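The values are calculated or read from the model by the stated rules, or taken from the named source; none is laboratory data. All values derive from a computational prediction rather than experimental measurement. Counting neighbours? That spans all protein chains shown, and the Cβs are built from the backbone with ideal geometry, glycine included.
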């Protein structure tokens, strides 16, 4: 017959305590998320209607809908994606598949990590100086989207590099040994098996971009502009800035409106994240090795 | 050693000639002072315990040092009479040399695409041509009968032994003049090992095979001559029959093939 020693009993007790502690911390984490969502749905829910989504703001933004902001955010995100994804994926391919492990590569990697840490307001000022003034794009969707693209580039690079690195080295070596060039190996083996992971990263970037306010404030987003943008050189309204404006800058906005805007914005982000999670599940399901 | 580059139509006496080869990784030596010749169209065995430099030796032959960070090679390696470093296009060199790894690598492609890959990389697009190549290579690797009805299923999901034969079929699809095998039987059952060994014996008439093996009896069964590598040095190269019957030049070789260490 085995008897639990004093040490055994103490270990078991400590194990239980730590389990409780970690569970408690996890609950603390979920609480604010649940509260945010709950408050938004409760207070913003009544504001949501087809009319709210698809009409112009009226009466100095105290009535009417959010259509220009909604369309503007889509414009900003799409143009930012077009600018950042090719550059980010190409840079990640270079760093992951071609770059020798030398001082320059390490410096570039360091730069990427630091770029990710630059505050968004600094990106905003950079965008103002570089795109609005120096390149003479003016305050426009183009300037704002390029600012967003620069800001999210590190995210795309890191996500792409990570999904490239999930493809085993043995596959690459097998191809190289057959006489395949690095590019042939990337095209035939590495990219087809990393593409879903790359897409996941891109979608996460989209959700991040759609919520940014500071970088677009000086570079392309308008306070109030009751027209839909016609091209990338137009200014536009955006959801995030609109939320800021009607919450703080405009008097007599009905209380449910800012909550409604926030709810639409967060729904967009969550829908994107949902798609990204679905992608990942799909990817796990058809893993080929 | 002076070598005359081989003219078209002429067969070199030696498929591979290595002189004073030394290999290191990030300045740490892995293999040094290797001089040997591999005669054309024979199976050349390489035996030796782990970490004796056998795999590094193979990697130097097809210039994988170009793809490996920190790998340094000195000395000369001649393939069919020509220094591998004089090939301006190392990809063309690698196409002539098939490689089989210790752990089978079924690429995450269909069985068909695995075997057709090399031809496609070289620009063959015609389905009929590819069909012929795929069937011929799978037959020669003794895998055709098991997979002919499911060529569209994933190569990476075959069993270990089947994947290793798939790897061999893929190597054969390069139409190589040299086949390098690196401990191919490490993850393969004995029956499959015997089948692959029969395949290799047949292939000998068409190509030169370098067989690195951790099974000394496999070298005994297949190789005409065998090299013994130990801790980064070449101990000796001897006729296999002699090596296994007391004719080794070095007592360490005799001890190793008799199973006294390693």
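Computed values, structure above
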read-out	value
So residue B:34, is it away from every other protein chain (no Cβ under 14 Å), crowded, with 19+ Cβ neighbours inside 10 Å and over 17 Å from the mean Cα position of the chain (by Cα)	yes
Hits in the stretch B:100-130 (condition: at the interface with chain A (Cβ under 8 Å from one of its Cβ atoms) and surrounded by 23 or more Cβ atoms within 10 Å (Cβ to Cβ))	B:105, B:106, B:107, B:117, B:118
Candidates B:107, B:93, B:66, B:103 - the one that is within 19 Å of the chain's Cα centre (by Cα) and farther than 23 Å from residue B:137 by Cα	B:66
Enumeration of residues in the stretch B:44-62 that are outside any helix (DSSP H, G or I) and either more than 10 Å from chain A (Cβ to nearest Cβ) or closer than 25 Å to residue B:248 by Cβ (or both)	B:44, B:45, B:46, B:47, B:48, B:49, B:50, B:51, B:52, B:53
Pair list, Cβ under 8 Å, 6 or more apart: the stretch B:88-99 residue at the interface with another protein chain (Cβ under 7 Å from one of its Cβ atoms), other residue surrounded by fewer than 17 Cβ atoms within 10 Å (Cβ to Cβ)	B:91/A:181; B:95/B:122
Any hit, the stretch A:55-63, residues being under 29 Å from residue A:232 (Cα atoms), buried (at least 20 other Cβ atoms within 10 Å of the Cβ) and either in contact (Cβ under 8 Å) with a residue 60 or more places away in the chain or outside the structural domain of residue A:262 (by TED's automatic domain parsing) (or both)	yes
Looking only at the stretch B:69-87, and only at residues there that are free of Cβ contacts under 8 Å to residues at least 40 places away in the same chain and not in a loop (DSSP other than H, G, I, E, B), the one that is nearest to the other protein chains (Cβ to nearest Cβ)	B:84
For residue A:175: the one exception among (1) assigned to a helix (DSSP H, G or I); (2) within 11 Å of another protein chain (Cβ to nearest Cβ); (3) surrounded by fewer than 22 Cβ atoms within 10 Å (Cβ to Cβ)	(3)
Residue check, residue B:149 in contact with a helix residue (DSSP H, G or I) (Cβ under 9 Å, 6 or more places away or on another chain) and either more than 13 Å from every other protein chain (Cβ to nearest Cβ) or assigned to a helix (DSSP H, G or I) (or both)	no
Residue in the stretch A:112-129 that is assigned to a helix (DSSP H, G or I) and within 14 Å of chain B (Cβ to nearest Cβ) present	no
